[in-house]
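Written out below as structure tokens is the structure these notes cover.
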Amino acid sequence: MLIKPIQRLTRYHMFLSSLSKTCQDLGLLEDSTEFSLALSSILSAARHTNTMMWIGKMENCPLDLSGQGQLLKHGKVLTKCLAGSLKKGRRWSTRSQKPSPCYLFLFQQTVVLCRTSENCVEQNSPHLYYLNHISVNQVRIRDTIADNLNTFEVHKLENIKVGISVMGQSKPSEHKKDTKSGVIMRIECESENVKDDWVRAVNSEVKQLRSMARSLASQFTSLP
């Protein structure tokens with residue numbers, strides 16, 4: 001019976017595990033190590049595939065998640081709806097709200113926040129309900145929020161200039177820096193170390209994208 005290539009991922013590990021053990025029993029330690037490394041790669045690919053299939057079941061998501069680039073990081077967080085933020089015509093306040101369990105996903109192009117609920121069938125894969133997203137090239141991170149060392153904010157930059165003019169060439173001096181931003185997400189992590197990991201991961205991707213944008217702008221403006 002033929003099976004889909006993606007279904008084979010769950011079977012390769014048994015084959016490679018058996019080969020590694022057999023080589024070890026025969027004293028072929030170098031071959032055993034090679035098969036063990038291949039096994040680790042297959043298990044990593046299987047975990048990533050399962051994660052993406054789980055994310056693909058996210059409800060009410062307006063994005064094509066398969067087009068947001070590689071999934072770089074994900075994990076459990078807590079959040080509140082921000083006071084003054086507008087959701088479906090209603091303004092929310094944090095005063096009477098308790099932090100809600102959520103999941104945060106960092107893709108190469110987008111940060112996505114989801115609300116979660118218990119999944120009785122697959123306890124390790126809670127149901128995901130889309131809450132908000134922001135393009136990485138619009139992100140500014142504020143990593144110190146009052147006295148809460150476990151919390152950071154995701155701000156959305158307005159009127160971003162990346163140095164490329166569609167209608168005609170512009171001088172670098174004409175491009176204004178980002179001056180205006182608004183809070184999109186306030187994220188609470190389980191510890192300060194976890195928060196720092198998130199801040200580093202997001203800022204690294206922001207820096208990479210903006211560096212790429214400046215490089216493209218430089219190439220564009222240097223054209224005759």
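If you plug the beta carbon distance of residue 109 and residue 31 into 1/(1 + (r/R0)^6) with R0 = 41 Å, you get a FRET efficiency near 0.50.
Using the Cβ of residue 128 as centre and a radius below 9 Å, the other residues enclosed give a net charge of +1, where K and R count +1 and D and E count -1.
A Förster distance of 35 Å, applied to the separation of the beta-carbon atoms of residue 59 and residue 219, puts the FRET efficiency at 0.25.
Quick note: the coordinates plus some simple rules give every number you see, no bench work behind them. This one's a predicted model, so the numbers in the text were calculated from it and none came from an experiment. Because the Cβ atoms are built from the backbone with ideal geometry, glycine has one as well, and the counts that use them run over all protein chains shown.
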